[in-house]
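Read through the structure below, which is laid out as structure tokens, and then see the notes.
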Amino acid sequence: MLKKLKLKNTNEKAITLIVLIITIIVLLILAGVTIATLTGDNGLIAKATQASEETKKANAKEQVQLATTGSIGKDGNIDIERLNENLEKIDKIGNIPVTGLPALVTVDEEKVIIKENGTSKEAGKWNEIKNSEGEIVITDGITELKIGEYVDYDEQTGATVESYTSEKEETGSSYDQVFNLSSYQYGWRVLGLDEDTNEILLLAEDFIGPDTGGITHPTYDRTYYRFFNNQNVYTNEGEELNKISELYGQGKGSTKARSITIKDINKITGYNPEKANYRQGRYDEYGNEVTFYWDGTDKPYYECSNGVTGSLSRKHDSFSWYDETSKEWKISEKSTTATTENREKVTTLKINYYAYEGNSTGLDTNGTIYKMLFTNSENSASKDLYKGKTDGHMYWLTSSCNEMSFQFVIYNLRSVSNGTVGYGVTPIYYSNQETNLGYSGVRPVISLEADINISGGSGTDEDPYQIK
């Protein structure tokens, strides 16, 4: 009996010990779960902190927006003086007075951008603002990069592809055109900021031509990239230029590369085609909707949405156009039944061509931005290539347009030439199916990582800013 009692007592102790161990294990598991719930990237503490930060940012943005909205005058524009008065009323406000828009202000150390249209947004690491001199600068709050300044980007550091062949099938040219990475010997300049990605954009200081297969300019002894008789160049807006540019986007800090566009140019110059009234009242007015007809002749008759009528002066046995709805080229053969009394409709086209000289937008022809966009590079190596000439910068833009002339409709790829945005020697296809050889240079744009660190240097070509 005594032996049974002892055995029972021993069993109870063993059970109690097991229960205790299990309890401890359960408590440790619960503690671990609790700690994991509270800590870590997705923990309650992190989420609470994140929510607090987001609330702080939203509050800063709201206060700035209210101040901005209350500063709009009767003319619909923001009164800078009134804006500063309203901003001063915000607790823990910084970076004021504002001297121009866009501007960067802080509320309790939270950065907010006031855009030119009066809206406010949370600032990224890099922000495009105007300084007290009215110059556009890109800043992270410490470093300020002005448009046109130099950054020491090396397109060859880390590169794995050394050349690119632009095949003749893509361009309509008679030859393949080959670009070699090592041939580009010039610098890279600040073009602006991509607001969607918060990436700094760098523009090749000089335009680039192919090493083989291009066309040599008779005056400047320089090889240009050419398009010839290829409708696809118009429909895809010169996509081949982007593929060429990718060759130069392999350097340290780059995320991608593309060709420069008309939007890049307009952003810097301030040109707004919707408000410029280009060729207003004429048959070739920007935005004109033009309907073409066969009228019994080989010179198509047209009626414009602005009231202008007339006939094209160039002979058309057929009329060719790009149909924006079906995304295909179409041809209408000359009608054998149409008359001046019974015209037969061909199509309606919306004209989207415009051109302007860089100095017509107020740019100083001796200033950094004008020289960067509209004149050839002034460094000694480039001067040698251009025989000492610094005028006549010519490069393609990945932007198509159609223009109506008194002879026919011209299908172009835009370019910059001799200080003018539009096209120079670049028409490539016509409504009567005549063709042309267009030639210009390629000008790549590099995107730098959004969290890139740039410091050191003075931004000149001799002492560029350094990528860290």
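Read-outs: derived from the displayed coordinates by stated rules, not from any lab. Note that this is a predicted model, so its numbers are computed, not measured. Note that each Cβ is placed from the backbone with ideal geometry, even for glycine, and that neighbours are counted across all protein chains shown.
Excluding same-chain neighbours fewer than eight residues apart, the aspartates and glutamates reachable from residue 115 by a Cα-Cα span under 12 Å are 128, 195. Segment 298-344 to segment 102-126: how many Å between their Cα centroids? The distance from the Cα centre of segment 298-344 to that of segment 102-126 comes to 51 Å.
Three principal axis extents describe the C-alpha atoms of segment 178-324; from largest down they are 61, 37, 30 Å.
What angle do you read, to the nearest 10 degrees and between 0 and 90, between the alpha-carbon axis of helix 2-38 and the longest principal axis of the chain? With both axes taken from Cα atoms, the answer is about 30 degrees. Backbone geometry of segment 145-159 corresponds, through the Karplus equation with coefficients 6.51, -1.76 and 1.60 at θ = phi - 60°, to 3J(HN,Hα) couplings of 10, 8, 4, x, 6, 9, 10, 7, 8, 10, 5, 9, 5, x, 5 Hz, x marking Gly and Pro.
Once backbone amide H atoms are built at 1.01 Å from N, residue 443 has 208, 260, 396 as its partners under 5 Å, excluding neighbours fewer than 5 places away on the same chain. Take every Cα pair under 8 Å in the chain that's 6+ residues apart, average their separations, divide by the length, and report that relative contact order as a whole percent. Relative contact order for the chain comes out at 14 percent.
Semi-axes of the equivalent ellipsoid for the chain, please: Cα gyration tensor eigenvalues, times 5, square-rooted, ordered largest first, whole Å.
Values: eigenvalues 668, 180, 163 Å².
Values for the chain, descending: 58, 30, 29 Å.
Mean 1/r over all different Cα pairs, inverted: what Kirkwood radius does segment 220-276 give, in Å? Kindly include the intermediate steps, with their values, before the conclusion.
Details: mean 1/r = 0.0714 Å⁻¹.
Taking every pair of different Cα atoms in segment 220-276, averaging 1/r and inverting gives 14.0 Å.
The stretch between residue 116 and residue 329, if pulled fully straight at 0.36 nm per residue, gains 72.7 nm over its current Cα-Cα span.
Amide H contacts of residue 192: 201, each under 5 Å away and 5 or more positions distant or on a separate chain (H built 1.01 Å from N in the peptide plane; Pro and chain starts excluded).
The charge dipole of segment 289-350, taken about its Cα centre with unit charges on the Cβ of Lys, Arg, Asp and Glu (plus for the first two, minus for the last two), comes to roughly 140 debye.
Under a point-charge model restricted to the Cβ atoms of Lys and Arg (+1) and Asp and Glu (-1), what is the dipole moment magnitude of the chain relative to its Cα centre, in debye to the nearest 20?
On the way: 48 positive and 69 negative charges, 394 e Å.
That gives a dipole near 1900 debye.
Most tightly packed first, judged by the mean number of other beta-carbon atoms within 10 Å of their residues, the peptides 348-355, 55-62, 333-340, 411-418 read 411-418, 348-355, 55-62, 333-340.
Based on C-alpha pairs under 8 angstrom that are at least 6 apart in sequence, segment 152-304 has a relative contact order of 20 percent. Identify all aspartates and glutamates with a Cα-Cα distance to residue 56 below 15 Å; exclude those on the same chain that are fewer than 8 residues away in sequence. The reachable aspartates and glutamates, counting only those whose Cα sits under 15 Å from residue 56, are 91, 108, 109, 110, 122.
Tell me which of 139, 245, 269 sits at the most positive position along the dipole axis of the chain, charges placed on C-beta atoms (Lys, Arg +1; Asp, Glu -1). Selected residue: 139. Under the convention that each Lys and Arg Cβ holds +1 and each Asp and Glu Cβ holds -1, the size of the dipole of segment 44-123 around its Cα centre is about 200 debye.
Just need the relative contact order of segment 289-350 here, percent rounded to a whole number, with Cα pairs under 8 Å and 6+ apart. It would help to have the intermediate numbers written out before the result.
Working: 114 pairs, mean separation 26.6, N = 62.
After rounding, I find 43 percent.
Note on residue 18 and residue 62: the model spin-label points, each 7 Å out from Cα along the C-beta direction, lie 5.9 nm apart. Output needed: percent of Cα pairs per 10 Å distance bin for segment 44-123, bins running from 0 to the one holding the longest distance. Computed distribution, short to long bins: 20, 52, 20, 8, 1. For the chain, the mean residue ellipticity at 222 nm estimated from helices alone is -7500 deg cm²/dmol, where every DSSP H run of n ≥ 4 contributes -39500 (n - 2.57) and the total is divided by all residues, rounded to the nearest 500.
Here the mean projected area of the convex hull built on the C-alpha positions of segment 89-176 is 10.3 nm². For residue 288, the residues whose modelled amide H falls within less than 5 Å of its own, excluding neighbours fewer than 5 places apart on the same chain, are 351. Per-residue Karplus couplings for segment 246-258, computed as 6.51 cos²θ - 1.76 cosθ + 1.60 with θ equal to phi - 60°, are listed in order as 4, 4, 9, x, 9, x, 4, x, 8, 9, 6, 8, 8 Hz, Gly and Pro entered as x. Which pairs, out of 74/267; 267/327; 57/275; 168/327; 275/371, put more than 32 Å between their alpha-carbon atoms? Over 32 Å Cα-Cα: 57/275.
Per the Debye formula on identical point scatterers at the alpha carbon atoms of segment 285-368, with no solvent, log10 I(q)/I(0) at q = 0.11, 0.16 Å⁻¹ is -0.42, -0.68.
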